[in-house]
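In what follows, a structure is listed as structure tokens, so that the remarks can point back to it.
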Amino acid sequence: MDITHGSLNSAIHPKKDAASTTLFRRIGEHIELIAALLSGALILFTWLFGDNLSQSWWVILHLLAFAVGGYAKASEGITETIRTKKLNVEILMILAAIGSVTIGYWTEGAILIFIFALSGALETYSINKSNKAISSLMDLQPEEALLINDGVEKTVPVSELQLDDLVLVRAGERIAADGLIVKGASSIDESTISGESIPVNKSVSNKVFSGTVALDGTIMLKITTRPSETLFQKIIDLVQTAQEEKSPSQLFIEKFENAYVYAVLAIVAIMMFVPHLTLGWSLSESIYRAMVLLVVASPCALVASISPASLSAISNAARKGILFKGGVHIENLNSIQAIALDKTGTLTNGKPVVTDAIFAPDEDQMQIMAAARAIEKQSTHPLAQAIASFCQTNTGSSNQPEVLHWKNFSGNGVSAFLTNKWAIGKADFVGKEAAMEFQHNALARLASEGKTVAFVKKEDKIVAMFALKDTVRQTTKQAIAKLKSNGIIPFMLTGDNEMTAKAIAEETGIDRYFANCLPQDKVKFVKELRQQYGNVAMVGDGINDAPALASANTGIAMGQGTDIALDTADVVLMNNDLSKITGSIQLSSRMNRIVKQNILFSLSVIVLLILSNYFQLIDLPLGVLGHEGSTILVILNGLRLLR
């Protein structure tokens, strides 16, 4: 057997190889940021120890800082210029740096490159995070399906499935494609599609969706939708489309950038020759003044007007449990007019709990709860787990009766034998007529409150009923009240039914809601709200919320939400506290005010320096002092947001 040294080493040290691969992958993802920081370190080292360095080393270190920090943005700028045949701000920064070097100001040119490289690295990081959002969605799509052809089972790639194919899905497996159940029944976890934590019972002729999970029963389904057109695939497409759309502010900045570059270069070109020809300046003086202009007109202070303020605001918010993925999202938050909120996991805790327990008056409540706990503990169904937890808490006993002949009736309930025959499940399972008569038809009242009801039957008699509901978070009512007091109109979007949606809306103080929402419906409503109110935020936590989060002006995810929601959102509430949103809006207002101050100040300084240069009132050192000094001042002003 031929085993190479490399393969033998990999077999012996698999963990070491995996760690090395992960390390190199992470370095590759952040290479631009590493290069920018290394460039800054070289500049700082040269500035601190410049007096002890020879002229050759001083120049070499500056050239290294230029090359390391500027390579990525320079290559991007040159490539983009060749592709579009238009100059861009990257080219302007390159020329400004070269201009600084031409007139002997190497450090100033290197600082310009460093600031611009850092900005580009942060932009690349943001793009990589967005791509990860799509990757995490793709991971939830099964790659293979169990095809049934003439009674023979065959595992095939999902992409090869055709309309009307029969596919077998076993209990616990993820459904590979949209289809209709033709055999079997199961509780289906549809949280990836609807966002609802309570599974849906489905049997023959019911539709099921790709990406959902058959929890407790094996089903056979007939494919009704091509794999490339499933509802889950549409969620992915919606997220991609929303992320690729450019906001009006993005488009404005791109147009401003293009005009700014041409304007500065045109004025520099004029400055190099026109004063010499018309004002009697010497040619060397004209070229000198043009180089000063190129330096003082570079948008260093203008860039610093926003970035330090944004980073300070982000740090401030992070200490309070609010994660912003960029300053632009803090900026947008201040102008929100309406906010759409998912129900399950956002307004509510996302897990069903027992809210009511009603017992037959002549029965032993402790015995019933002990039996219910023992039976329901055998199931993985969320409702069963909630009932078991409730009974455990209220009985306080660690002992439980022995459960025999436990049997699951998918979508209906369970039965078992303790010292008697017991059954727990929906009304139809225990006897609908008896269920409706139990405790003067308490079922109707509890159902009207949006609660799910499970009955407990001992032998032939219903002895108890448990009502379950996804409860509202403690901070929700306060958060909604704060939003309303700030003039922001709240809307609730939920995949749940009309009755449950109405009950939660009334409990939380939300006046407007949309029920029975699929992911594309949420996107539709968010876009309609944007047309009506202009700037809209969306708050959610599930996979099904991801397209709507991406479609809103500002997407806000709950910290305990799914990976795709966290990756797609612009803001994450790490402690799941909705009331933090109003504090974020106030922080946004402060940041916008400081940014406006900085922009006005930096533009005023640039204009002043340009005019002073034209009238020969300043030389290059004073111009650099004014330019870099204004940059430092706007940075310090932005750092006030750390408080």
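The values are calculated or read from the model by the stated rules, or taken from the named source; none is laboratory data. Nothing here was measured: the structure is a model prediction, and the numbers come from that model. Positions of Cβ are generated from backbone atoms using ideal geometry, with glycine treated the same way; all protein chains shown enter the neighbour counts. All accessible areas refer to the heavy atoms of the entire protein, side chains included, with ligands and DNA or RNA removed. Shrake-Rupley method; radii C 1.70, N 1.55, O 1.52, S 1.80 Å.
Remarks
- Residue that is open to solvent by 20 Å² or more (accessible area, probe 1.4 Å) and under 30 Å from Gly487 (Cβ atoms), where the choices are Gln616, Gln597: Gln597
- Evaluation of Asn394 against the conditions (1) open to solvent by less than 50 Å² (accessible area, probe 1.4 Å); (2) more than 28 Å from Val213 (Cα to Cα); (3) at pLDDT below 90; (4) part of a helix (DSSP H, G or I) shows that the sole unmet condition is (1).
- Residue that is nearest to Arg590 (Cα to Cα), among those in the stretch 626-643 that are open to solvent by 80 Å² or more (accessible area, probe 1.4 Å) and part of a helix (DSSP H, G or I): Arg640
- Residue pairs whose Cβ atoms lie under 9 Å apart, sitting 6 or more positions apart in sequence or on different chains, and linking a residue in the stretch 515-532 that is closer than 15 Å to Ser191 by Cα to a partner that is open to solvent by 50 Å² or more (accessible area, probe 1.4 Å) and at pLDDT 90 or above, are Cys517/Lys524; Lys522/Phe514.
- Screening Tyr513 on (1) open to solvent by 10 Å² or more (accessible area, probe 1.4 Å); (2) among the hydroxyl-bearing types (Ser, Thr, Tyr); (3) out of contact with any strand residue (DSSP E or B) (no Cβ under 6 Å at 6 or more places or on another chain) shows it passes everything except condition (3).
- Close contacts from the stretch 399-411, counting a first residue that is at negative phi and a second that is of a type in the set (D, E, K, R) and modelled with pLDDT under 85, with Cβ to Cβ under 6 Å and a gap of 6+ residues or different chains, come to Asn408/Asp216; Ser410/Asp216.
- For the stretch 528-562, a tally of residues being assigned to a loop (DSSP other than H, G, I, E, B) and closer than 15 Å to Phe491 by Cβ returns 4.
- Of the residues making up the stretch 563-598, those that are in a helix (DSSP H, G or I) and either within 25 Å of Arg289 (Cα to Cα) or among the hydroxyl-bearing types (Ser, Thr, Tyr) (or both) number 5.
- Among residues of the stretch 548-564, those that are over 14 Å from Lys522 (Cα atoms) and open to solvent by less than 20 Å² (accessible area, probe 1.4 Å), counted: 6
Residue-by-condition table, conditions (1) part of a helix (DSSP H, G or I); (2) more than 30 Å from Ala505 (Cα to Cα):
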{"site": "Ile368", "(1), (2)": "yes, yes"}
{"site": "Ala372", "(1), (2)": "yes, yes"}
{"site": "Ile375", "(1), (2)": "yes, yes"}
{"site": "Gln400", "(1), (2)": "no, yes"}
{"site": "Met436", "(1), (2)": "yes, no"}
{"site": "His440", "(1), (2)": "no, no"}
{"site": "Gly450", "(1), (2)": "no, no"}
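- Single unsatisfied condition, Thr155 versus (1) closer than 25 Å to Gly350 by Cβ; (2) touching a strand residue (DSSP E or B) at 6+ places or on another chain (Cβ under 6 Å); (3) of a type in the set (S, T, N, Q): (1)
- Number of positions in the stretch 154-163 that are open to solvent by 100 Å² or more (accessible area, probe 1.4 Å) and either in contact (Cβ under 8 Å) with a residue 60 or more places away in the chain or closer than 20 Å to Ala214 by Cα (or both): 2
- Output for the stretch 300-312, where each listed residue is open to solvent by 10 Å² or more (accessible area, probe 1.4 Å) and either charged (D, E, K, R) or assigned to a loop (DSSP other than H, G, I, E, B) (or both): Ile306
- Just one of the listed residues (Ala360, Ala386, Ala370) is surrounded by 21 or more Cβ atoms within 10 Å (Cβ to Cβ) and touching a residue at least 24 places away in the same chain (Cβ under 8 Å), and it is Ala386.
- Failed item in (1) in contact with a strand residue (DSSP E or B) (Cβ under 6 Å, 6 or more places away or on another chain); (2) open to solvent by 10 Å² or more (accessible area, probe 1.4 Å); (3) farther than 20 Å from Ser335 by Cβ; (4) acidic (Asp, Glu), with Asp545 passing the rest: (2)
- Of everything listed in (1) farther than 24 Å from Tyr288 by Cβ; (2) part of a helix (DSSP H, G or I); (3) modelled with pLDDT under 80, the single unmet condition for Gly99 is (1).
- Put simply, of Ile78, Ile82, Ile94 the only residue that is at pLDDT below 85, in a helix (DSSP H, G or I) and aliphatic (A, V, I, L, M) is Ile94.
- On inspection, Gly583 does not qualify as over 30 Å from Leu112 (Cβ atoms), buried (at least 23 other Cβ atoms within 10 Å of the Cβ) and of a type outside the set (Lys, Arg).
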